[in-house]
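Reviewing the structure listed below.
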Amino acid sequence: MNYDFLKIEKKWQDFWATHKTFKADNQSDQPKYYVLDMFPYPSGAGLHVGHPLGYIASDIIARFKRHSGFNVLHPQGYDSFGLPAEQYAIQTGQHPSKTTTTNINRYRQQLDRMGFSFDWDREVRTSEPNYYRWTQWIFLKLFDSYYDIQADKAVPVSELILRFEKEGNTNVKAHSDKDTPVFEAQEWKAFDHDQQQKILLNYRLTYLSETQVNWCPSLGTVLANDEIVNGVSERGGHAVTKKKMRQWSMRIGAYANRLLLGLDALDWSDALKEMQRNWIGKSLGASIYFEVENHPEKLEVFTTRPDTIFGVTYMTLAPEHELVKKITSPEQQKVVADYTARVAQKSDRERQADVKSISGVFTGAYALHPFTGASLPIWIGEYVLAGYGTGAVMAVPSGDQRDFDFATHFDLPIVNIFHGVDVSEAAFSEKGNVKLTHSDFLNGLDHKQAIDRVIVELETKNCGKGAVNFRLRDAIFSRQRYWGEPIPIYFKGETPMPLQEHHLPLELPEVEKYLPTEDGNPPLGNAKIWAWDEAGQEVVSVDRINHKTVFPLELNTMPGWAGSSWYFNRYIDAHNEKQWVGPKALDYWKDVDFYIGGSEHATGHLLYSRFWQKVLFDLGYASTAEYAKKLVNQGMILGNSAFVYRKKGTQTFLSKGLIGENQVEPIHVDVGLVNTQDELDLEAVKNWQKDFQHAEFVLENGKYIVGREVEKMSKSKYNVVNPDEICDTYGADTLRMYEMFLGPIEQDKPWNTAGISGVHNFLKKFWRLFYQQDQWMVNEAPASAESLKVLHQTIKKIVDDIERLSFNTCVSTFMICINELTALKCSNKEVLEPLLVLLSPFAPHFCEELWQQLGHTDSIEFEPLPTFDLGKVEETTKEYPVSFNGKMRFTIKLSLDMGVEEIKEAVMKEQKTQDQIDGATPKKIIVVPGKIINIVI
RNA sequence: GCCUCGGUGGCGGAACUGGUAGACGCGCUGGAUUCAAAAUCCAGUUCUUUCGAGAGUGUGGGUUCGAUUCCCACCCGAGGUACCA
């Protein structure tokens, strides 16, 4: 019997599906283990060999843990709301749900072929009402909560209202909008409903506000900071500008510190934790309030260098700063207006592009130095960002290079406050031991001492305080798109009103057009039935809005990250109709034990989901404050692009070796047209694209050899390798093992189909220990000592390596094992049976089949892992290398249980007989038990 | 610029806490088998070499009896981030 992988793999995939082998129970006496993959967005392109890398690794863990006696939860689903489906809908008019379903079916087919042990009964799709109902429910929970700074957690708004009724808001310490008014209990009670709601909105964890947003005209939507890369949209690379819009936001800023502190306890890669830390961007410093001459307003700045306060010679505001309009002197009105208008027109990209050119304008107003009372001109400068700190800086040209450059450019004064430092050429921004000068009460103090002192002084004078600032901004939550979760809110005038829990799901309405409306409303503005009848408690026709109980519903939808911020919880109890997750199921599964996915989600999904988890934890719904204590980032599998070389301006293509001095342009050709020797199939390439039909190929040694380059796998580079094709030619088990064999899981590595034969041969070799020319080889005779030693060494190594996620060395270990057993002609059941169990996480179909051939009737999946016997692995004696001054001279066979002194004695004896060193006396002998003996002469 | 990770044969990579560097696989070379091929098996494969040996893990230093591994400086690559005050 041959190794017929196609037949075997089909057989076992069907078996697992019909027997629901991987269905996990929410109740068990076994310990639980939750293995999670980042769920895919089902794109139209299908999977390439890079996609399953993480799924293979997590599947190995899941299967390994089942063998180790765990009740394993290993679910999978689809993040199925998103932009590509909607853009396809705009082009074709096809409903996105239709294309989404098609794509999901294709994904499922491809996933099934690879033999993953997913519990598909728990599948979630974020675009299904029975799922997004709970996404909306979480939105309502956020709407109904505020962040209490004293309790350091989210608390229901009902408690906030009780406090307002009792004592107003003067003593309430909570994260809230800056412009929240101060009121007493009496005043609160006197407010009407709308006024009260408006104030409460300033506290809610999700709130409406007029904010500067990143507006992408091409996509017709706002974008969150993490959706913008290098000043253009992450998707499509379109320009992004600033715009003021009334938008829903999430008060993630309230959690900045906890999100930062929580990282320490997580078993995530340092790189990823560092990315989140930088993104959160905590800095320590001070807030300082400057009086403005002849104006009641105060100018607040944040600085990390309050110690340089006496070096301040002017102030700079961001062009968007709200005080700009108020304080600009009449003479300066025009230049200031021109300047701010010019800056507003620039896109983020343009603004980032000319970071080096200095621009700015004087407002005509002056601020007063809090200690010296000196007049400080207030300027506007592009280099000050509206979004960071207060959007205003105190400029210290001697201590900050940007301030220095600005001052030099506009001829503003520079005061040197650093003793013995020359600041004529550049600012001194080090925080070393240099003492301050020209700094009044700070004279003679160093950086650290001065900061402490000046904060005390600021606080006594009531013009500043020590402060912490975070770079992390609140996350804009509204998207002007169709294919996303509707926000469960309707409007009574200006006041947003939440739907009640029992009204959910608020289902996405049908629309005729998926584009925004002509008056700029989001696509939901096209829906005919999209108003809320308060009396009937139902969604009704928009025509009825003038009726007194019928109100418009929110037209924006939620962003892509909403559904993915909690899906891992839903898997735990995916069919619960009454709750987001049932407490009993949650209590059993709790959190994710092993999470795997790409590091590109560091500042998006992985931050937002931690935020939501903490909110849900504070409110008593989630079981832990961090849902994934262990996270692994799989690397990318890169494509091995193939190039042909066209002689400039001709249709002549030169084989790689013939390029020489010729001017050529490299052109991508499909990697499927090239064999493992880099030889191009000329007939196939002519049929592949019209451009090549009349091409002339110049060959070397009768062949056209292509050039190779490693790049990201992508359709446009024609370097995509389809896993289905690999499964057809080599089988899923080979593909699984080969992907693991390519290199460390966390590392990027190039795909090379040529290398796969090594892994495939391994499986064939292993098969031959069972069958040779149709003859069943397995015998029940006791195995030889050598065979048992090979077995036990293998078990030990594999178990160790899986634990440290070194899957590539696991594959090598299996290969060595089978090579040795083949050499020993070992076909003993005693050896092969445990090996099958050990190998089955890697090559599950292969092992199930042979397991059955060995006479078992149940799946190998729950077979306990074989244990190793150290006595069989270790020998009682061992060859020790003996080196002299680190150089190896001879080996000596010693008993393992010898003590260090005994070993030394034996070595000395041996050394004398060998007469290796010419009469020298050893200074010392170093013995590392089990490893090496070194003699120092 | 700053932060993080990495740099080992022709290639992917191994060497886990300092202990015989290059496991395993690809590729390549030679051989067996075959009419031939495929498949399979065996041997060799870091470089240099006067065949004694010598050099060798990005470069230069250091610690150590001993360094791919630890320390310092630098070079290169990847990812993140950036007028962040």
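The values are calculated or read from the model by the stated rules, or taken from the named source; none is laboratory data. Everything numeric here is computed off the predicted structure, so don't read it as measured data. Every residue, glycine as well, gets a Cβ built from its backbone with ideal geometry; the counts of neighbours run over all protein chains shown. Side chains included, ligands, DNA and RNA excluded: accessible areas come from the protein's heavy atoms. Shrake-Rupley method; radii C 1.70, N 1.55, O 1.52, S 1.80 Å.
Considering just Cα atoms, how many Å³ per residue does the convex hull of segment A:678-762 enclose?
Given the Cα convex hull of segment A:678-762, per-residue volume reads 136 Å³.
How large is the convex hull of the Cα atoms of segment A:186-246 per residue, expressed in Å³ as a whole number?
Taking only Cα atoms, segment A:186-246 has a hull volume of 96 Å³ per residue.
Given the convex hull of the Cα atoms of segment A:399-460, what is a quarter of its surface area in nm²?
4.6 nm²
Calculate the FRET efficiency for residue A:748 and residue A:187 from the Cβ-Cβ distance with a Förster distance of 51 Å, rounded to the nearest 0.05.
0.25
Computed over the Cα atoms, what is the radius of gyration of segment A:611-727 divided by 2.2 N^0.38 Å, N being its residue count?
Against the compact-globule rule of thumb, the ratio is 1.72.
Given all pairs of different Cα atoms, what value in angstroms does the Kirkwood hydrodynamic radius of segment A:733-772 take?
Its Kirkwood hydrodynamic radius stands at 11.1 Å.
What are the semi-axes of the equivalent ellipsoid of segment A:126-284, taken as the square roots of 5 times the eigenvalues of the Cα gyration tensor, listed largest first and rounded to whole Å?
31, 22, 17
Return the whole-Å distance between the Cα centroid of segment A:16-66 and the Cα centroid of segment A:837-851.
Taking the Cα centre of each part, segment A:16-66 and segment A:837-851 sit 16 Å apart.
Taking every alpha carbon pair in segment A:761-882, what does the distance histogram look like in 10 angstrom bins from 0, in percent?
All Cα pairs considered, the percentages come to 13, 45, 33, 7, 1, 0.
Just the ratio, please: alpha-carbon radius of gyration of segment A:423-543 over 2.2 N^0.38 Å, N its number of residues.
Cα Rg divided by the expected 2.2 N^0.38 Å: 2.08.
Give the residue list of trypsin sites (Lys or Arg not before Pro) in segment A:630-712 that are DSSP loop and have at most 12 other beta-carbon atoms within 10 angstrom.
Taking segment A:630-712 and a limit of 12 other Cβ atoms within 10 Å, the loop trypsin sites (Lys or Arg not before Pro) found are A:648.
Just the C-alpha atoms of segment A:797-853: what Rg/Rh do they give, with Rh taken as the Kirkwood radius?
0.97
Heads up, I need the accessible area for residue A:898: 1.4 angstrom probe, whole protein in place, Å², nearest 10.
50 Å²
Do any chymotrypsin sites (Phe, Trp or Tyr not before Pro) in segment A:518-582 lie in a loop, going by DSSP, with at most 11 other beta-carbon atoms within 10 Å of their beta carbon, and if so which?
none
Using only Cα positions of segment A:367-490, each an equal point scatterer, no hydration layer, compute I(q)/I(0) via Debye at q = 0.10, 0.14, 0.19 Å⁻¹ and quote the log10 values to two decimals.
-0.46, -0.75, -1.30
On a 0 to 90° scale, report how tilted helix A:52-67 is relative to the longest principal axis of chain A, with both axes built from alpha carbons and the result rounded to the nearest 10.
It is inclined by approximately 60 degrees.
What whole number of Å gives the distance from the Cα centroid of segment A:249-311 to the Cα centroid of segment A:607-640?
23 Å
Going down the list A:630/A:715; A:584/A:797; A:273/A:797; A:20/A:578, which pairs span over 27 Å between their C-alpha atoms?
A:630/A:715; A:584/A:797; A:273/A:797
Please report, as a whole percent, how much of the solvent-accessible surface of segment A:320-470 comes from carbon and sulfur atoms (probe radius 1.4 Å).
The computed percentage sits at 52.
Once the Cα atoms of helix A:807-823 and of chain A are each reduced to a long axis, what angle between those two axes, in degrees from 0 to 90 to the nearest 10, is obtained?
So the helix axis and the longest Cα principal axis differ by about 0 degrees.
About the Cα centre of chain A, how large is the charge dipole given +1 on each Lys and Arg Cβ and -1 on each Asp and Glu Cβ? Please answer in debye to the nearest 20.
Dipole magnitude for chain A comes out near 620 debye.
At q = 0.04, 0.07, 0.09 Å⁻¹, what is the log10 ratio I(q)/I(0) for chain A, with the Debye formula run over Cα points and no solvent?
-0.28, -0.81, -1.15
Defining a contact as two alpha carbons under 8 Å apart and six or more residues distant in sequence, what relative contact order in percent does chain A show?
Averaging sequence separation for qualifying contacts and normalising by length gives 13 percent for chain A.
Under 22 Å between C-alpha atoms is the cut-off here; go through segment A:445-549 and count lysine pairs that meet it, provided they're at least eight residues apart or on different chains.
Value for segment A:445-549: 6.
Taking only protein heavy atoms and a 1.4 Å probe, what accessible area per residue, in Å², does chain A have with all protein chains in place?
46 Å²
What trypsin sites (Lys or Arg not before Pro) in segment A:89-173 are in a loop by DSSP, with at most 12 other Cβ atoms within 10 Å of the Cβ?
A:173
I want to make sure I understand the PRE zone here: with the label point 7 angstrom from the Cα of residue A:676 toward its beta carbon, which residues in segment A:746-767 have backbone N atoms less than 18 Å away?
A:750-766
In segment A:426-471, how does Rg compare with the Kirkwood Rh, expressed as the Rg/Rh ratio over alpha carbon atoms?
Using only Cα positions, Rg/Rh for segment A:426-471 is 1.02.
Considering all alpha-carbon pairs of segment A:250-313, what whole percent are spaced by more than 18 angstrom?
57 percent
Over segment A:483-538, consider all pairs of different Cα atoms and compute the Kirkwood hydrodynamic radius from their mean reciprocal separation; express it in Å, one decimal.
Kirkwood hydrodynamic radius for segment A:483-538: 12.4 Å.
Cross-link partners among lysines for residue A:325, C-alpha distance below 21 Å, same-chain residues fewer than 8 apart left out?
List returned: A:178, A:242, A:243, A:244, A:298, A:334, A:346.
Please provide three numbers in whole Å: the alpha-carbon extents of segment A:239-365 along the principal axes, with the largest listed first.
Extents along the principal axes: 60, 40, 33 Å.
Checking the cross-link filter: which aspartates and glutamates have an alpha carbon closer than 13 Å to that of residue A:878, excluding same-chain neighbours under 8 positions apart?
Cross-link targets: A:897.
Heavy atoms only, probe 1.4 Å: what % of the accessible area of segment A:574-714 goes to carbon and sulfur, would you let me know?
Carbon and sulfur together cover 47 percent of it.
Compute the Rg to Rh ratio over segment A:774-823 from the alpha carbon atoms, using the Kirkwood formula for Rh, and round to two decimal places.
Reported Rg/Rh (Cα atoms, Kirkwood Rh): 1.06.
In Å, the Kirkwood hydrodynamic radius of segment A:82-126 over pairs of distinct alpha carbons?
11.9 Å
If I stretch the segment between residue A:90 and residue A:786 completely, what's the gain in nm (0.36 nm per residue apart, minus their alpha carbon distance), one decimal?
Result for the pair: 243.8 nm of gain on full extension.
Heavy atoms only, probe 1.4 Å: what % of the accessible area of segment A:61-185 goes to carbon and sulfur, would you let me know?
Carbon with sulfur: 47 percent of the solvent-accessible area.
Before anything else, pin down the relative contact order of segment A:447-592: Cα pairs under 8 Å, at least 6 apart, normalised by residue count, whole percent.
Across segment A:447-592, relative contact order equals 21 percent.
Just to verify a number: what accessible area does residue A:438 come out at with the full protein assembly present, 1.4 Å probe, Å² rounded to tens?
130 Å²
Using just the Cα positions, wrap segment A:514-657 in a convex hull and report its mean projected area in square nanometres, one decimal place.
For the Cα atoms of segment A:514-657, the hull's average projected area reads 17.9 nm².
What does the convex hull of the Cα atoms come to per residue for segment A:63-140, in Å³?
Spread over its residues, the Cα hull of segment A:63-140 gives 121 Å³ apiece.
Determine the calculated [θ] at 222 nm for chain A from helices alone, applying -39500 (n - 2.57) to every DSSP H run no shorter than 4 residues and normalising by the residue count; nearest 500 deg cm²/dmol.
-10000 deg cm²/dmol
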